[in-house]
1. With the condition being β-branched (V, I, T) and more than 17 Å from the chain's Cα centre (by Cα), I'd like the strands (runs of 3 or more DSSP E) fully within the range 1-66 carrying at least 1 qualifying residues.
2. Condition (residue is within 11 Å of the ligand (Cβ to nearest atom) and part of a loop (DSSP other than H, G, I, E, B)) applied to the range 109-124: is it met by at least one residue?
3. P153 fails exactly one of the following numbered conditions: (1) surrounded by fewer than 12 Cβ atoms within 10 Å (Cβ to Cβ); (2) modelled with pLDDT of 95 or more; (3) within 16 Å of the ligand (Cβ to nearest atom); (4) not acidic (D, E). What is the number of that condition?
4. Within the range 1-48, which residues are touching a Cys at 6+ places or on another chain (Cβ under 9 Å) and of a type in the set (A, V, I, L, M)?
5. Restricting attention to the range 63-105, which residues are more than 16 Å from the ligand (Cβ to nearest atom) and closer than 19 Å to F19 by Cβ?
6. Take the conditions within 18 Å of W157 (Cβ to Cβ), surrounded by fewer than 18 Cβ atoms within 10 Å (Cβ to Cβ) and within 16 Å of the ligand (Cβ to nearest atom) and apply them to E55. Does it pass?
Amino acid sequence: MLLLVNKKNLFNEEMIDSFEMIEYENYNEETKYIEKETFIHFGELSAHLKVDGIEIDIDGAYRSLETQENIFLQFMKKYGEDYTEQIVAMPGTSEHHTGQAIDIVLKKDGNWIIESKDLLKEEEAFKRIHNCLKYFGFILRYPKGKENVTGHPYKPWHIRYVGEKAAFETAEKNITLEEYLENHPQENWMIKKKTF
Ligand SMILES: [Zn+2]
C-alpha cells in the first residue's frame, strides 16, 4: 500500500501506525529518523552510487506533525504569512511525515553540498542518481514539468521510497505518484482503508 501526502491529501498519524522508524546519524552528526524499509533501500542505493563515484547522505527524512508545526509557527512569527507559505510546507501536507521521503545531499571534492541553490547546479550527478533510483524502489518525487500535478517545484534532492513496482512504472511512463495512484487506486492506502 502506498501513502499519498500532498496539499490535497493530508497526513494522519494512523498512516504510520505499523511503521518502524530507525535512528540514523548523518554526515553532520545529526540524528535523523527514517522508516525502516526506506532506510534499508537507501543503504543499497548509496552503496551502489559510491562504487560509481557519487557519495550521498541524508539531510532530512522523518518529520513529525509537531516538528512541522513548530517550524511553521517560527517562520510565521519571523517572516509573516506570505513568505512562510511559500517556503514551509503546511503541517500535514509534507511527505516527510511518512518517514519514506528523503532529502539527499552530495559530496563533491571532499565537501558536502547542502544548500538547495548549490544542489540545483549539480545536474550531471543528479542525472546519474535519478537514473538508478527505480532499481532500489525510489522515485524522484517532484520532477521538472510536473509542478502542476505535484504542487511542488523541481526538487532533485527529494526522493521517495515506493517499492520497485511503482518505481519502475512511474519511471517508464514518466508519471508522478499522484498519476500512478490514479491508475492503481487499489494500491492507495486511503482508498484501501475505506474499502475495509
Ligand atoms: Zn524533502
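The values are calculated or read from the model by the stated rules, or taken from the named source; none is laboratory data. The shown structure was predicted, so the numbers you read here are calculated from the model rather than taken from an experiment. Methodologically, a virtual Cβ is constructed for each residue, glycine included, from the backbone with ideal geometry; neighbour enumeration extends over all protein chains shown.
1. In the range 1-66, the matching strands (runs of 3 or more DSSP E) lie at 31-35.
2. Taking every residue of the range 109-124 in turn, none turns out to be within 11 Å of the ligand (Cβ to nearest atom) and part of a loop (DSSP other than H, G, I, E, B).
3. In the conditions (1) surrounded by fewer than 12 Cβ atoms within 10 Å (Cβ to Cβ); (2) modelled with pLDDT of 95 or more; (3) within 16 Å of the ligand (Cβ to nearest atom); (4) not acidic (D, E), P153 misses (2) alone.
4. The one that is touching a Cys at 6+ places or on another chain (Cβ under 9 Å) and of a type in the set (A, V, I, L, M): L45.
5. Answer for the range 63-105, where residues must be more than 16 Å from the ligand (Cβ to nearest atom) and closer than 19 Å to F19 by Cβ: just E66.
6. Values: within 18 Å of W157 (Cβ to Cβ): yes; surrounded by fewer than 18 Cβ atoms within 10 Å (Cβ to Cβ): yes; within 16 Å of the ligand (Cβ to nearest atom): no.
No: the conditions fail for E55.
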